[in-house]
Amino acid sequence: MAKQPHLLVESGDVHDTALIPGDPGRVDRIAAQCEDAETVAENREYKVVNATYEGVPLTICSTGIGCPSAAIAVEELSRVGVETVIRVGTTGALQRGIEIGDMVVATGAAKEEGTSKRYEDAVIPAVPDYEVLTALVDSAEARGEDVHVGPIVSDDAFYNENDAYVEEWEAANLLAIEMEAAAVFSLARRKGLAAGAICTVDGNLVEGTQKGADSDSELPEKAKDNVERAIALTLDAVVDLA
């Protein structure tokens with residue numbers, strides 16, 4: 001397979017399992033918990049690093065913000081041999097009592113975005129792979145970490161998540177909102193990949209808090225700290241899956 005035009009990788013450059021955060025900076029944070037980290041390629045919002053964790057080889061690839069750029073990453077990773085993709089991201093809570101810094105493991109993602117609908121009808125569910133989902137939950141339990149497990153929603157319009165939308169999502173008992181999982185799950189299923197997602201809560205839309213609202217940086221300090229915990233349990237899940 002020829003070199004991919006956005007990730008700038010080709011067959012043999014990456015490993016079977018890829019962790020796919022949105023933020024290129026989080027690629028480095030994941031790599032810092034691994035060994036033998038080596039940058040493979042950097043282009044636009046995409047940074048690709050290979051590493052090992054407890055002897056298991058893995059690739060870390062940022063996707064940027066939103067389903068369109070995440071879809072490009074999944075498409076190109078699938079073409080060069082990746083078999084499992086796990087989103088390690090951040091999310092806004094949609095239920096009262098879910099606190100900043102809590103972790104959410106998604107059991108499915110509502111398609112409030114346009115990308116997945118270019119591939120398939122909106123009624124086709126966007127769901128993770130059962131084994132990946134189970135590995136994430138089990139690794140949290142093994143570390144004594146509490147995680148919220150349930151459905152989330154993926155949305156395109158960060159600044160248009162108004163009260164009417166939030167009230168509808170809350171009433172549907174969706175746990176949280178982010179911007180990539182629906183496309184990641186849908187494309188992975190269509191391409192025969194295994195996929196999962198774990199996200200750290202950076203605000204609570206129902207309680208009126210959003211990331212960056214009370215800080216000079218994008219993420220509140222508690223969310224920053226707990227992103228490291230989410231990364232650690234995800235790496236444990238990779239080992240279990242291997």
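Against the chain, whose longest principal axis comes from its Cα atoms, helix 67-79 is set at around 30 degrees. Extension gain for ILE65-ASP138 works out to 23.5 nm (0.36 nm per residue, less the C-alpha to C-alpha distance). Across GLU141, GLU228, the residue with the most accessible area heads the list, and the full order at a 1.4 Å probe is GLU141, GLU228.
Between helix 181-191 and the chain there is an angle of about 40 degrees, using the helix long axis and the longest principal axis of the Cα atoms. With R₀ fixed at 35 Å, the C-beta to C-beta distance from ALA2 to ALA242 puts the FRET efficiency at about 0.80.
Between GLU99 and ALA157, the FRET efficiency from the beta-carbon distance, with R0 = 30 Å, is close to 0.75. Applying a DSSP loop filter and a limit of 15 other Cβ atoms within 10 Å to the trypsin sites (Lys or Arg not before Pro) in region 1-49 leaves LYS3, ARG44. Shown in residue order for region 157-163 are the 3J(HN,Hα) couplings computed by the Karplus curve 6.51 cos²θ - 1.76 cosθ + 1.60 at θ = phi - 60°: 10, 3, 8, 10, 8, 7, 4 Hz (x for Gly and Pro). Amide H contacts of LYS3: none lie under 5 Å away among residues 5 or more positions distant or on a separate chain (H built 1.01 Å from N in the peptide plane; Pro and chain starts excluded).
Taking 0.36 nm per residue of sequence separation and subtracting the Cα-Cα distance, how much length would be gained by fully extending the chain between ARG79 and ALA122, in nm to one decimal?
Numbers: separation 43, 0.36 × 43 = 15.48 nm, distance 2.46 nm.
Full-extension gain reported as 13.0 nm.
Taking every DSSP beta bridge with both residues inside the chain, roughly what % is antiparallel (nearest 5)?
Here the share of antiparallel DSSP bridges comes out near 40 percent.
Under 5 Å from the amide H of LEU205 lie the amide H atoms of ALA93, each residue being 5 or more positions distant or on a separate chain, with H modelled from the backbone and absent for Pro and chain starts. Averaged over its residues, the chain has an accessible area of 43 Å² per residue, based on protein heavy atoms and a 1.4 Å probe. Each label was represented as a point 7 Å from its Cα along the Cα-to-Cβ direction; for GLU38 and ASP146 these points are 4.3 nm apart.
When both bridge partners sit in region 1-93, DSSP labels roughly 70% of those beta bridges antiparallel. The calculated FRET efficiency for ARG29 paired with ALA171, based on their beta-carbon distance and R0 = 45 Å, is about 0.80.
In the chain, helical runs assigned H by DSSP with n ≥ 4 each contribute -39500 (n - 2.57); averaged across all residues and rounded to the nearest 500, the mean residue ellipticity at 222 nm is -9500 deg cm²/dmol. Inter-label distance, THR52 to GLU207: 4.2 nm, where each label sits 7 Å from its Cα along the C-beta direction. Placing one equal scatterer on every Cα of the chain and applying the Debye formula, the log10 ratio I(q)/I(0) at q = 0.14, 0.15, 0.16 Å⁻¹ is -0.83, -0.97, -1.11.
The values are calculated or read from the model by the stated rules, or taken from the named source; none is laboratory data. Model, not experiment: these values are computed from the prediction. So basically every Cβ, Gly included, is an ideal-geometry build from the backbone, and we count neighbours across all protein chains shown. Only protein heavy atoms, including side chains, enter the accessible area calculation; ligands, DNA and RNA are left aside. Shrake-Rupley method; radii C 1.70, N 1.55, O 1.52, S 1.80 Å.
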